[in-house]
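Following: one structure in structure tokens, then a few remarks.
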Amino acid sequence: MTLIEDNKVISQAYMTRDKLKEIASAIDSNNISPEAGINLLKRSNLMNLLIPVEFGGGGGGLQLASDVAQILASGCLSTSMMWGMHCQQIMTLIENRNNDNNHIEQTIKNISQNQEYIASVTTEVEKGGDLFSAQSALSWISENEFILDREGPIVTGGNLADFFLITVRRESSSLKNDVLLVLARKNELEIRQLSSWNPLGMRGTNSNGIHLYGKLERANIVILNNFEKITQRTLIPVGHIMWASSWLGATKDIYHKMIRIIRENHNKRYSNKSDYLYIKLSQVRLIIDTVDVYLRNMLVEYEDFRKASYEYPSKRFNININNLKIFASEELFKATDLLMDIAGMNLGYLKNEKIPIERAFRDLRSAKLMYHNDRLAMANGKLSLFDSDLLPR
Amino acid sequence: MNNEFLKIISIFIKSDLTQNMIDENLRDLGLDSLATIELLLEIEEYYDISFPDEYLSEKTFSTANQLWKVVIQLVNMENSLV
Ligand SMILES: Cc1cc2nc3c(=O)[nH]c(=O)nc-3n(C[C@H](O)[C@H](O)[C@H](O)COP(=O)(O)OP(=O)(O)OC[C@H]3O[C@@H](n4cnc5c(N)ncnc54)[C@H](O)[C@@H]3O)c2cc1C
């Protein structure tokens, strides 16, 4: 993509953001389906941004997608998260498709043409968020056909999805880390809602529990071997980058709004601009800047890895990308807390027209739990044993 | 390669490792990255050795054979120091 095309996407993202702003509060308050938000993204041609031009997509890169996620999140974090995860699914399909599987290529072209949305089904009740294992197994009825019977306790935008990308165990006798990734179109499945979504925050994601059932074919399987490679090469890095981008965008928005409010001269509440106020603001700024720099650094490192065409990223990259998620989720939540201290009761704790701090606070509380930070910390502790000589060489 | 060594690796992969599998890629046999680290700790404890940083590479853990060569080398170094 050229710089001019990138700029066009950015302006498009801002226009979409402005419309998202108008609906975000109602979606959050009434816990309604985010259909309006997703339709806005579809109409803005953002659903195929990361699909290469030869498949009819926008041909954008991950840096651009990260910027777009930040902008969208400044209007509605839930919609931005849905879009970010959709980008993660798109990249996973593009980068890991098996060249002999025309079905997947054709599907990517259709997704691109119709601006369709892919939901992700990785969590299971028994194993929680662990990406490297699966409980539900495929039941093979012939060499080529199988039955998929899978519960997804939390599926973001499950009721709106055109496609589902699902992790399952190869067959019931397989080890739990013998995971396959299955892509299924909505009309290939019987979909039953299992639970409704009534959370503290991220209410606009409508992440209901669903049950998926269908007779599918071998061609629905994205890749037959080596699921860990997909997770390390694409699912985890892109997921963490897009999540961190969205959280960062939402935090930047309330920071900017807070400062505008403080600077309104008629706003007496903040007119005694105290040292305390400046110190808190600087703490928020420090968090935003640190996450921003770390995010940009990881985008560069990830691009370097992809150019180098190694099979697996290094242990150091694994640690760094996990740290991006851990750091962004913990620190940006702290930033919303600090902003609430600054804003106080009326413009902070209470829902109001001027600044959605309480929504950002509730939304960002989920960040640590989405792919639990404890799980990542455990992995990073172990990985450190392999990579501890950090001095320059 | 001794059978104890094969048994230790077998804890972390899909099937029991036999002598004719020692040149197969351990990742393909189901050794994921975190399992690699657990395997490392297990081997270090069992053979009372410690892998220097420069041995902690993809190559060392690529096959059972490759890993065994490194273990033998480290065990010998350890013995010559005593
Ligand atoms: C807004 C939102 C949207 C989501 N969307 C989707 C979606 O679209 N699709 C989907 O599949 N999932 C989705 N999820 C689920 C998410 O990805 C995680 O799977 C889920 O939040 C983690 O579930 P859990 O806490 O039950 O399980 P776990 O991650 O298993 O954690 C449970 C507890 O076990 C502990 N724990 C578990 N493993 C370890 C470990 N190895 N080391 C140390 N402690 C450990 C943790 O400390 C935690 O207290 C979403 C979640 C949120 C909040």
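I'd like to verify a number: residues in the stretch A:126-156 that are within 8 Å of the ligand (Cβ to nearest atom) and within 14 Å of chain B (Cβ to nearest Cβ), how many?
As a first pass, look at the stretch A:126-156 and keep what is within 8 Å of the ligand (Cβ to nearest atom): A:127-130, A:152-156.
Then drop every residue that is not within 14 Å of chain B (Cβ to nearest Cβ), which leaves A:130.
Selection size over the stretch A:126-156: 1.
Pull up the stretch A:92-120, narrow it to residues that are crowded, with 18+ Cβ neighbours inside 10 Å and within 15 Å of A:I230 (Cβ to Cβ), then point me to the one that is farthest from the ligand (Cβ to nearest atom).
Here is the first cut: in the stretch A:92-120, the residues crowded, with 18+ Cβ neighbours inside 10 Å are A:92-93, A:96-97, A:101, A:104, A:107-108, A:111-112, A:116-120.
Now drop any that are not within 15 Å of A:I230 (Cβ to Cβ), which leaves A:92-93, A:96-97, A:101, A:104, A:118, A:120.
Working: A:T92: 13, A:L93: 16, A:N96: 18, A:R97: 21, A:N101: 23, A:I104: 20, A:I118: 10, A:S120: 5 Å.
In this case the residue turns out to be A:N101.
Looking only at residues that are over 28 Å from A:A73 (Cβ atoms) and not acidic (D, E) in the stretch A:181-190, which one is farthest from the ligand (Cβ to nearest atom)? Before you say what the answer is, go through the steps one by one.
Initial filter on the stretch A:181-190 (over 28 Å from A:A73 (Cβ atoms)): A:182, A:184-185, A:187-190.
Checking which are not acidic (D, E) leaves us with A:182, A:184-185, A:187, A:189.
Working: A:V182: 13, A:A184: 14, A:R185: 17, A:N187: 20, A:L189: 15 Å.
The selected residue is A:N187.
Away from every other protein chain (no Cβ under 14 Å), at pLDDT 95 or above and surrounded by fewer than 20 Cβ atoms within 10 Å (Cβ to Cβ): is that true of A:N380 in this structure? Even if it seems obvious, please write down each step before you answer.
Values: away from every other protein chain (no Cβ under 14 Å): no; at pLDDT 95 or above: yes; surrounded by fewer than 20 Cβ atoms within 10 Å (Cβ to Cβ): yes.
No.
Would you confirm, using the coordinates I've provided, whether A:Q89 is at pLDDT 95 or above and within 16 Å of the ligand (Cβ to nearest atom)? Don't jump to the end; show me each part of the working.
Numbers: at pLDDT 95 or above: yes; within 16 Å of the ligand (Cβ to nearest atom): yes.
Yes.
The selection criterion, being within 23 Å of A:R169 (Cα to Cα) and either within 14 Å of chain A (Cβ to nearest Cβ) or among the β-branched types (V, I, T) (or both), does not hold for B:F51.
The requirement of being buried (at least 18 other Cβ atoms within 10 Å of the Cβ), within 14 Å of the ligand (Cβ to nearest atom) and closer than 26 Å to B:K14 by Cβ is satisfied by A:T167.
For (1) within 16 Å of the ligand (Cβ to nearest atom); (2) more than 14 Å from chain B (Cβ to nearest Cβ); (3) at pLDDT 95 or above, each residue gets a yes or a no:
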residue: A:L200; (1), (2), (3): yes, yes, yes
residue: A:L216; (1), (2), (3): no, yes, yes
residue: A:N226; (1), (2), (3): no, no, no
residue: A:W247; (1), (2), (3): yes, yes, yes
residue: A:H256; (1), (2), (3): no, yes, yes
residue: A:I261; (1), (2), (3): no, yes, no
residue: A:R269; (1), (2), (3): no, yes, no
residue: A:K273; (1), (2), (3): no, yes, no
residue: A:V284; (1), (2), (3): no, yes, yes
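Filtered by the rule that a residue be out of contact with any Gly (no Cβ under 6 Å at 6 or more places or on another chain), facing another protein chain (nearest Cβ under 10 Å) and either crowded, with 19+ Cβ neighbours inside 10 Å or of a type in the set (D, E) (or both), the stretch B:8-43 gives B:R27, B:D28, B:L31, B:D32, B:S33, B:A35, B:T36, B:I37, B:E38, B:L40. For the condition more than 14 Å from chain B (Cβ to nearest Cβ), crowded, with 18+ Cβ neighbours inside 10 Å and at pLDDT 95 or above, A:F317 does not qualify. Exactly one residue among A:L216, A:L212 is surrounded by 24 or more Cβ atoms within 10 Å (Cβ to Cβ), over 30 Å from A:D304 (Cα atoms), of a type outside the set (F, W, Y) and not assigned by the TED database to the domain that holds A:D100, and that residue is A:L212.
Output the helices (runs of 4 or more DSSP H) that fall wholly within the stretch A:59-175 and possess 3 or more residues being β-branched (V, I, T), or say none. Steps first, please.
Working: elements: A:62-73, A:77-96, A:102-114.
In the stretch A:59-175, A:77-96, A:102-114 are the helices (runs of 4 or more DSSP H) which contain 3 or more residues that are β-branched (V, I, T).
Does A:F132 satisfy the condition of being within 22 Å of A:N98 (Cβ to Cβ) and modelled with pLDDT under 95? For A:F132, the condition - within 22 Å of A:N98 (Cβ to Cβ) and modelled with pLDDT under 95 - is met. Would you pick out the residues in the stretch A:331-360 that are surrounded by fewer than 22 Cβ atoms within 10 Å (Cβ to Cβ), more than 15 Å from A:R285 (Cα to Cα) and not aliphatic (A, V, I, L, M)? Across the stretch A:331-360, the qualifying residues are A:G344, A:N346, A:G348, A:Y349, A:K351, A:N352, A:E353, A:K354, A:E358. Can you pull out the residues in the stretch A:195-228 that are part of a strand (DSSP E or B), within 28 Å of A:L20 (Cα to Cα) and not hydroxyl-bearing (S, T, Y)? Once the filter is applied, which keeps residues that are part of a strand (DSSP E or B), within 28 Å of A:L20 (Cα to Cα) and not hydroxyl-bearing (S, T, Y), the stretch A:195-228 yields A:G209, A:I210. Here A:F317 does not qualify as of a type in the set (A, V, I, L, M, F, W, C), touching a Gly at 6+ places or on another chain (Cβ under 9 Å) and either on the phi < 0 side of the Ramachandran plot or in contact (Cβ under 8 Å) with a residue 40 or more places away in the chain (or both).
The values are calculated or read from the model by the stated rules, or taken from the named source; none is laboratory data. Please read all numbers here as calculations on a predicted model, not as lab measurements. With ideal geometry, Cβ positions are generated from the backbone for all residues, glycine too; neighbour counts draw on all protein chains shown.
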